[in-house]
Each structure stands twice: as C-alpha cells, then as structure tokens.
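Before any comments, here is the structure.
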Amino acid sequence: MSTPKFKTGDLIKFPPELRGDPDDDYGLILDVVQIEYDGAVEWHYKIHWAVDGTLTLDAIQYIDDNVQLISES
C-alpha cells in the first residue's frame, strides 16, 4: 500500500507533455480517503476539477504518477 504524495488543499495539474487532460484543467485535492474493499485498503484522492467542474475519486497511484504539484496548501 502506497502512502499519498499530495494532501488536502494541494493544487495539481497534468503536465502538458503528458496530454492526459484535453481541458488543460487544474484540480484541487479536497480529501485523501482510505477505501476498504474485501479486506484490502487503498488510498484515493477526492479532486474537484476547476475547468470542467467535476468531482472525481481517483486512486493515488494514477494521480501520483501522472500529475504535478502546482501549489501546496
């Protein structure tokens, strides 16, 4: 189990070279939560994306590997 790289209040963004975000959006980490499923515990980020206005719950491994920190809380 990995520990979260980002914390509540951090502003994140996909780097331009990754092209993982066509909206060139910024995300605000609203919460870092543990989800237990069949006895396994995983960390997830609850993120509000500024441009498209969506709220997502993303596994930390994906976010930690693919976004960059813009500003710490």
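What follows is calculated from the coordinates using simple rules that are stated; it is not laboratory data. Everything numeric in this text was worked out from a predicted model, so none of it was measured. For neighbour counting, all protein chains shown are included, and Cβ atoms are generated from backbone atoms with ideal geometry for every residue, glycine included.
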Practice problem: Calculate the dipole size of the chain relative to its Cα centre from +1 charges on Lys and Arg beta carbons and -1 charges on Asp and Glu beta carbons; express the result in debye to the nearest 20. | Solution: 180
Exercise. Starting from segment 12-73, pick out the GluC sites (Glu not before Pro) whose DSSP state is loop and whose Cβ has at most 12 other Cβ atoms within 10 Å.
Key: E72
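Please work out whether the chain counts as rounded, prolate or oblate from its C-alpha gyration tensor, where a ≥ b ≥ c are the square roots of the eigenvalues and a/c under 1.5 means rounded, while otherwise a/b larger than b/c means prolate and anything else oblate? Before the final figure, lay out the partial values.
Numbers: a/c = 1.81, a/b = 1.72, b/c = 1.06.
Prolate, since a/c reaches 1.5 and a/b exceeds b/c.
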Quiz item: Over the chain, what relative contact order in percent results from Cα pairs under 8 Å that are six or more residues apart?
Solution: 37
Quiz item: Reachable aspartates and glutamates from K46, Cα under 12 Å, same-chain residues fewer than 8 places away excluded?
Solution: D10, D31, D58
Self-check item: Most mobile listed residue (G27, G39, G53) in the chain, GNM with C-alpha springs under 10 Å
Solution: G39
Quiz prompt | Whole-Hz ³J(HN,Hα) from phi, Karplus 6.51 cos²θ - 1.76 cosθ + 1.60, for segment 61-73, glycine and proline x | solution = 4, 5, 5, 4, 7, 10, 10, 10, 7, 9, 8, 7, 6
